[in-house]
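Here the structure comes first, spelled out in structure tokens, and everything after it is commentary.
Just so it is clear, none of the values below were taken in a lab; they were calculated from the coordinates. All values reported here derive from a predicted model rather than from experimental measurement. Methodologically, a virtual Cβ is constructed for each residue, glycine included, from the backbone with ideal geometry; neighbour enumeration extends over all protein chains shown.
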Amino acid sequence: HPRLGSLLAAGTSICGVTAVSALAPAIAATQTEVACAVANVVLWGSLAMLLAPHAANFLLGECPDAAGMWLGLAVHDTAQVMGAGLTYEQLFDDERAFNAAAVTKLTRNLALAAAIPALAVAHSCEKTVTASYSKVPGFLVAFVGMALVRSCGDAYYGAGSIGVPTTEDHGGSPGGPPRGAPGGGGEAWRRNMNALGDGLGAKACLATA
């Protein structure tokens, strides 16, 4: 069952149910194959969400970044990773591990941009390659586009303007615009991105998912 194998591989290694849903129409998977892949992600991902935080603390508790990265790599679905990360944060009072888990998982999600077209072509004949690319879902393009926008904005305004402003960030002049942020735009960028991520992203979109 090559199509089922591809669905299981994408769901396990990239971003769970989202990867399965994105890949299924591109390779003409049947409902039975999709259901099996989704059940696999939900079952094992849910178990990992409950057990992985304890294992991560036991094995890597002395290094929060490593524990968070392990959670971001070991758990299947994005929502399950966030659940595991929040569990770790609340149990062991370690927000750093949660942040590392979130960044690691979102980085994994970027593999969709390459994996979906590649698997679509692999399951298609030469005459249907163009049709396979046309089946790549729009949300995948939007996800990669927004990631690029955020990354470019952070790079433009400088790393110092993304964290809490300090005297050094202001070039040694308290009250001045952050270094690397022309006209003090870094503060507005940080405020708007935090509102978008914490409000719309975390509370609306992720909670709905």
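With the Cα gyration tensor of the stretch 1-109 giving a ≥ b ≥ c as the square roots of its eigenvalues, does the rule (a/c under 1.5 for rounded; else a/b larger than b/c for prolate; else oblate) give rounded, prolate or oblate? Please list the in-between numbers first.
Working: a/c = 3.04, a/b = 2.44, b/c = 1.24.
In terms of gyration-tensor shape, prolate.
I want to check the label-to-label distance for C152 and A35. Put each point 7 Å from Cα in the C-beta direction and report it in nm to one decimal.
4.4 nm
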